[in-house]
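*Asks:* Next up is a structure, given as structure tokens.
Just so it is clear, none of the values below were taken in a lab; they were calculated from the coordinates. Not measured: the values here are computed from a predicted model. Reconstructed Cβ throughout: ideal geometry from the backbone, glycine too, with neighbour counts over all protein chains shown.
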Amino acid sequence: MTPQLKIVARLFALLALMGLSGCNLVVMSPSGDIARQQADLIIVSTVLMLIIIVPVIFLTLFFAWRYRGSNTNAPYDPEWHHSTRLEVIIWSAPLAIIIALGAVTWISTHKLDPYRPLDRIDAQRAVSAEVKPINVEVVALDWKWLFFYPDYGIATVNEMAAPVDVPINFRITASSVMNSFYVPALAGMIYAMPGMETKLHAVINKPGEYEGLSSNYSGDGFSHMRFKFHGVDQAGFDQWVARVKQNGTALNRDAYLKLEKPSAKEPVRYYASVEDGLYRAVLNMCATPGKMCMDEMMHIDMAGGAGTESHENRARLEHDNRHAGETEHGTAAPAATFPATGNPARSPEPAEGVNNPQQPEGQSGQAPMNHDMNNMQGGAAPAQLNNDAPAKP
């Protein structure tokens with residue numbers, strides 16, 4: 001290698017190191033055992049694939065150089081068409097890698113199943129029968145995180161804590177759109193969906209303050225939907241619980257309905273007490289008074305339906321926790337495209353004088369479209385949607 005090429009190679013390596021110096025490598029150097037096993041899985045999978053990738057890249061460059069047009073010493077055999085030795089090498093090596101990757105994936109898929117309770121604290125310690133897990137119920141709101149601690153009767157917004165080396169059992173849901181709960185230092189991401197509950201089991205092995213976030217785009221305030229996760233010892237966790245109880249307020253239905261309205265950059269909040277059954281109501285989409293809970297509706301369906309009386313449940317099943325149709329202080333509440341943050345919808349309005357394809361000829365502007373939208377939101381359904389089959393007796 002010439003001196004000039006050596007200088008260029010060294011500069012390239014230096015630039016690469018400078019670029020990586022600003023990266024947060026928490027995913028590959030986590031503080032929780034589940035995340036540590038996931039990082040090891042990434043490394044093992046990458047090494048197995050490199051066993052094929054590196055030789056292929058090397059041989060591609062070698063053959064391009066070996067059989068270049070100017071190399072008259074390279075053997076030339078236009079009649080060559082088959083080599084059993086090469087076929088065995090070409091097919092057996094990738095097959096072996098696929099088998100190895102399949103085995104690793106199969107084992108890890110079951111071992112790292114987020115619904116599976118932990119069987120170890122770390123690589124050297126198993127979970128003791130005397131250890132009581134910490135239960136945390138998570139609700140993804142627009143655009144903040146609400147954490148219930150049912151064993152302690154408290155709740156927090158955008159902050160949570162857990163003792164080091166104690167299993168954590170998460171139950172996760174959402175109030176409106178889908179989000180994804182993710183603490184990179186703790187475990188992998190898992191979806192939070194309205195009307196559904198997902199689970200995650202994890203443990204933090206090192207004390208510290210870690211970043212939590214939503215890893216699924218969910219609207220205007222998504223980029224600020226972050227929280228702090230504190231890994232502390234048992235004494236520190238007891239002090240944190242005491243601080244929440246001392247400085248917190250009460251979280252009842254009314255307080256929750258105000259909290260769930262869209263807002264960004266929400267500060268940390270503490271709740272010293274939580275109304276009984278509030279998480280269940282959020283999960284079943286019936287936190288708003290007068291709404292039918294999903295589990296109640298499923299029970300009716302399981303029993304064969306409500307028959308001719310089912311029309312009475314229609315209003316109780318209209319779920320819209322952005323409160324688009326309600327009024328507040330005598331004014332219409334903002335719709336889903338105009339959240340409480342005050343930011344208007346970003347969809348461009350039609351130009352003046354341009355006909356809407358859904359409007360009759362000769363009409364332009366926005367009024368007919370708004371009229372149609374109002375009919376869709378609160379008026380009668382189109383005729384073809386009202387032709388329901390007769391209800392079963």
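*Asks:* Restricting to Cα pairs below 8 Å that are 6+ residues apart, what does the relative contact order work out to for segment 109-229? Please round to a whole percent.
*Replies:* Worked out over segment 109-229, it gives 26 percent.
*Asks:* Ok, one more. Between Arg120 and Ala235, what is 0.36 nm times their sequence separation minus the Cα-Cα distance? Round to one decimal in nm.
*Replies:* Result for the pair: 39.2 nm of gain on full extension.
*Asks:* Give the calculated FRET efficiency between Leu101 and Ile7 to the nearest 0.05, with a Förster radius of 56 Å applied to their Cβ-Cβ distance.
*Replies:* Plugging the Cβ-Cβ distance into 1/(1 + (r/R0)^6) gives 0.90.
*Asks:* Considering amide H positions built from the backbone, and no H for Pro or chain starts, which residues 5 or more places from Ala192, or on another chain, come under 5 Å of its amide H?
*Replies:* Asn179, Ser180, Phe181
*Asks:* With just the Cα atoms of segment 75-173, tell me how far they stretch along each of the three principal axes, in Å, largest first.
*Replies:* Over segment 75-173, Cα extents along the principal axes are 81, 38, 20 Å.
*Asks:* Hey, another quick one. In sequence order, what are the phi-derived ³J(HN,Hα) couplings for segment 97-108 according to the Karplus relation 6.51 cos²θ - 1.76 cosθ + 1.60 with θ = phi - 60°, rounded to whole Hz, with x for glycine and proline?
*Replies:* Coupling constants for segment 97-108: 5, 5, 4, 5, 5, x, 5, 4, 5, 4, 5, 5 Hz.
*Asks:* Please report, in Å, the Rg and the Dmax of segment 134-283, where both are computed over Cα atoms only.
*Replies:* In Å, with Rg to one decimal and Dmax whole: 14.0, 39.
*Asks:* May I pose another question? Between Lys199 and Ile300, what length in nm is gained on full extension when 0.36 nm per residue of separation is reduced by their alpha carbon distance?
*Replies:* 33.8 nm
*Asks:* On to the next question. In percent, what relative contact order does segment 173-298 have, based on Cα pairs under 8 Å that are 6 or more apart in sequence?
*Replies:* Relative contact order comes out at 23 percent.
*Asks:* How long is the gain from Arg280 to Ser108 if the chain were fully straight, where each residue apart is worth 0.36 nm and the alpha carbon distance is subtracted?
*Replies:* Extra length from Arg280 to Ser108 when fully extended: 58.7 nm.
*Asks:* Convert each backbone phi in segment 172-186 into a coupling constant with the Karplus relation 6.51 cos²θ - 1.76 cosθ + 1.60 (shift: θ = phi - 60°), then list the ³J(HN,Hα) values in order as whole Hz, x for Gly and Pro.
*Replies:* 10, 8, 9, 9, 9, 7, 6, 10, 9, 7, 8, 10, x, 6, 9
*Asks:* Provide the packing ranking of 188-199, 288-299, i.e. peptides ordered by the mean count of other C-beta atoms within 10 Å per residue, highest first.
*Replies:* Put in order of decreasing packing, that is 188-199, 288-299.
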